[in-house]
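Have a look at the structure below before the remarks.
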Amino acid sequence: MKRSKLVAIGLVLAMVLGTSAFAAEYTVKGGDTLGTIAQEQLGDASRWKEIYEANKDTVKDPNLILVGQKLTIPDGKQEEVKPAAGGKMTPGTYTASAMGMMGDVTVEVTVTTDTITAVKVASHSETPSIGGPAIERIPKAIVDNQSLKIDAVTGATNTSRAILSAVEEAIQTAGGDVEALKKVEVKTEKPVGDQTLVADVVIIGAGGAGMSAALEAKDQGAGRVILLEKMAAIGGTTFTSQGMIGAYDSKLQKEMGVELTYEAMYANLMSNASYHLDPALTEVTLRGSGATIDWLSERVGLPIENVIVGYGPLQMMHLVTGGGAAMAEPFDAALKNAGVEVMLETRATELVTDSTGAVVGVRAESNGSNVAISAKSVVIATGGYAYNPELTAMLTPELAGTWGIGFPGSTGDGLIMASKVGALLTHTDDMMCVLKDYEIMSEHNGTSASANNSFKGLTDMIMVGAEGKRFVNEKDQGYMSQKLNGPVFDQMHKDGLGYVWCITQKSTVDANPRLARTLGLEYITADTAEELAGKLGVPAEALSKTLADYNSYVDAGYDAEFRRNADELAKIEGPLVAAALVPCEIITYGGVARNDEAEVIRADGTSIPGLYVAGEASANSAYMGFTLTNCFTWGRIAGAGAAAYAK
C-alpha cells in the first residue's frame with residue numbers, strides 16, 4: 001500500500017537545457033567502463049549507450065573495452081524535453097511518498113503547465129545495491145519520455161514501483177492526467193544482438209561468493225574471467241548485510257589480543273544451527289575464516305576495524321565499517337583492477353555440457369539477446385532461493401506457504417541449472433524464516449519492512465489456529481526464533497490456511513510504538529473473546545476457553561498445557577488485538593551439494609567436471625553469523641579450483 005504526503009512547494013522557472021563541448025575522441029584508460037567515461041565526458045553515467053552506439057564498429061561488446069582504444073564521444077547535447085501527454089498542470093514542485101523495499105521513498109516532481117521537468121528521489125531507506133539502479137534510472141526515464149509507462153529495473157521492482165506510485169500521486173495533485181501518461185510509449189534501446197564469447201572461467205552471480213571466486217581465479221592465473229550478474233548491480237545479499245563476518249585467528253584479533261580456539265568456534269556454530277550442518281564442510285568454513293578476514297582487508301581493501309561479541313559468547317564478529325554497503329567500492333575497484341569482465345543484467349539460463357558430462361559453458365540472456373559463453377570451468381554463485389517460495393514448496397513441501405522476503409535475486413537459478421546437469425541438491429529443509437503480517441504480504445505487496453510484526457516477543461501473547469486453540473509453546477522459539485516456525489507451518493497446513501492468529505492486548509500495542517502496524521493499517525480489535533472470534537472466523541466457545549485457560553496459567557505461575565514458565569506469562573485481557581502471521585523466508589541453507597574442494601557432486605558422490613559452487617547456492621556449511629564467512633571462504637576455494645581446472 002502506498003502512503004502519500006503531497007505538498008506543492010513553489011512555482012518552477014522554465015528549465016533550460018544547457019550544452020557543453022566535449023572532446024571528439026577519448027582514449028580508454030585502465031579501469032574505464034562506458035559508464036565511467038559517460039560520467040566524465042557527458043556528465044551522466046546513464047548515457048553510456050550513446051557512446052556505445054557511436055562506436056559500434058569497433059566496440060562489439062559494451063562490457064569489453066580495451067586500454068588504449070580510441071572512442072568517439074558524441075556531443076553533450078541532450079534532447080529537448082517534449083511536453084507531456086498529461087494535460088494541463090499547475091506549475092510547481094510537489095512531493096510524494098510511497099512504500100519501497102525498506103521504507104518510504106519520497107520524490108520531488110517539478111512540472112510546468114504541460115511538462116514534467118524534473119523528478120528527484122529526495123529521501124529513501126533503500127539498499128544501494130538493490131534500489132540504487134532504480135533510483136538512478138526511473139526518474140530520468142520519466143522525464144526523458146514524459147511517460148509513466150516505465151518498466152521496473154531488474155531486481156528492484158519494489159523500489160521502482162514506489163518511485164512510480166509517488167510520481168503518479170504528485171502528478172495527480174498537480175492536476176495532470178496520470179492515465180494518459182501511463183499510455184505514452186517509451187523509447188527502448190535496440191538489443192545488442194546475440195553474442196558468442198570464450199572464457200577460461202565463468203562465474204554466475206556477483207555476490208560475495210561470486211566476486212571472491214572471480215578475484216581468486218584471476219589471482220591464480222586464470223586468463224579471461226567473466227562474471228555474470230542478472231541484477232543491475234553487483235553485491236547480492238552481501239552488500240545488503242550488516243557487514244558482520246564471523247572468524248577466529250585473524251590478524252586483527254591477534255592485534256587485539258583475542259584468543260579463540262577452533263573447538264570453541266565449532267561448538268558455538270553447531271549449537272546455533274542445532275547441529276544440522278555437515279561437520280567436514282563446516283570445518284573448512286571455520287578453519288579458513290581467519291585467512292578470509294585477512295584477505296578481505298588486504299586484497300580487497302575492506303575497512304574491517306573492530307571485532308565484537310555476537311551470535312553467541314565469543315568475540316568473533318568482524319565489523320566492516322559502514323556495513324555491507326561499504327563493501328561496494330572496494331570490491332568494484334578490485335574486480336576492475338584484476339581485469340574481471342562483469343556483465344550486468346545478464347541472466348544465466350543453462351549450463352552447457354559435452355558428451356562426457358563435463359561443464360563447458362553457459363547460456364545466458366541480456367536485454368532480449370542471447371549470450372553463449374564457452375568456458376573451461378564454471379562457478380555457480382547465484383545465491384539461495386529465499387525469493388522463490390514456489391521452489392521452496394517443491395523442494396520441501398512441509399515449508400509450503402512461506403513468502404519470500406530475501407534478496408530479490410535469490411530465486412534458485414543456480415540450483416535449477418545444476419540439477420539439470422546431474423547435481424545433487426541437499427539440506428533444503430533448513431532455512432531462516434521470520435514471522436510477518438500475512439495480510440500485508442498477500443494483499444499489499446509486502447516486504448520485510450512493511451510486513452514487520454513484533455508480537456512474538458511479548459509475554460502477553462498467544463497463537464491459535466482455525467479451531468481457536470493454542471498449538472505450541474509460543475516462547476519456545478529457539479535460536480533467533482527459528483524453532484517456532486515448524487509448528488506454525490504444521491498448523492497452517494492442518495487448517496488449510498496461509499497463516500495462524502497471534503493475539504495480545506490492545507493496551508500493550510498502544511503503549512509501544514514499535515508494535516504499530518505499517519502502511520496506516522489497523523489490527524483486528526475486539527472488546528471480548530467472543531467478538532474477536534467472530535472477526536477471526538474461529539469458534540467463539542473455543543477461543544473464550546483458550547484465553548480463560550491461558551489466564552489461569554498466568555495466575556498459577558505455570559503453563560500446564562504448553563509449559564511456559566512464570567516469567568514468560570502475562571495476562572491477556574480485553575480489548576484484544578489479533579494479527580494473522582506467516583513465516584517468511586529470508587535466508588536458505590540448502591542448495592547444491594559439493595565436496596571439500598567446492599566441486600559440485602552427484603548423488604553417487606562423484607564430481608561433475610568443470611563445475612564448482614560457493615555461497616548460499618551451496619549447502620550445509622554455515623549458519624547465522626557465518627553466512628558471509630561462508631560466501632567469501634568458499635568463493636575463494638571455488639575460484640582457485642576453477643582456475644586450476646582451466647589451465
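Here are the numbers for this structure:
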| read-out | value |
| --- | --- |
| About the Cα centre, charge dipole magnitude for the chain (Lys/Arg +1, Asp/Glu -1 at Cβ), debye | 1000 |
| Estimated 222 nm signal from helices in the chain, with DSSP H stretches of n ≥ 4 weighted -39500 (n - 2.57), rounded to 500 | -9000 deg cm²/dmol |
| FRET efficiency estimate (nearest 0.05) - Cβ-Cβ, residue 493 to residue 531, R0 35 angstrom | 0.80 |
| Positive-pole candidate from 516, 375, 285, dipole of the chain, charges at beta carbon | 375 |
| Top positive-direction residue, dipole computed over the chain with Cβ charges, set 215, 148, 438 | 148 |
| Sites matching GluC sites (Glu not before Pro) across segment 168-257 that sit in DSSP coil, with at most 10 neighbouring C-beta atoms within 10 Å | 185, 189 |
| Surface per residue (accessible, 1.4 Å probe) for the chain, Å² | 41 |
| Nearest-0.05 FRET efficiency for residue 568 and residue 514, computed from C-beta distance (R0 22 Å) | 0.65 |
| For the chain, share of DSSP beta bridges that run antiparallel, in % to the nearest 5 | 75 |
| Length gained when the stretch residue 182-residue 336 is fully extended (0.36 nm per residue, less Cα-Cα span) | 51.5 nm |
| Virtual spin-label span in nm between residue 114 and residue 64, 7 Å along Cα→Cβ | 4.9 |
| Pairs from 336/376; 254/647; 56/420; 70/190; 56/647; 436/571 whose Cα-Cα separation, in the structure shown, is over 29 Å | 254/647; 56/420; 56/647 |
| Two-site FRET efficiency, residue 541 against residue 276, from Cβ-Cβ distance with R₀ of 41 Å, rounded to 0.05 | 0.50 |
| Solvent-accessible area of residue 276 with every protein chain in place, 1.4 Å probe, in Å² to the nearest 10 | 100 |
| Within the accessible area of the chain (1.4 Å probe), percent carbon and sulfur | 51 |
| Under 18 Å from the Cα of residue 120 - aspartates and glutamates, other chains or at least 8 residues apart | 44, 104, 108, 136, 144, 151, 168, 169 |
| Exposure rank, largest accessible area first [544, 274; 1.4 Å] | 274, 544 |
| Sparsely packed trypsin sites (Lys or Arg not before Pro) within segment 542-597, loop by DSSP, other Cβ within 10 Å at most 14 | 563, 571 |
| Cβ-defined net charge surrounding residue 596, 14 Å radius [Lys, Arg +1; Asp, Glu -1] | -1 |
| Net charge of Cβ neighbours under 14 Å - reference residue 535; Lys, Arg +1; Asp, Glu -1 | -4 |
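The values are calculated or read from the model by the stated rules, or taken from the named source; none is laboratory data. In this text, all values refer to a predicted model and were calculated from it rather than measured experimentally. Don't worry about glycine lacking a Cβ; one is built from the backbone with ideal geometry, like all the others, and counts go over all protein chains shown. Quick note on the areas: whole protein, heavy atoms, side chains included, nothing else; ligands and nucleic acids left out. Shrake-Rupley method; radii C 1.70, N 1.55, O 1.52, S 1.80 Å.
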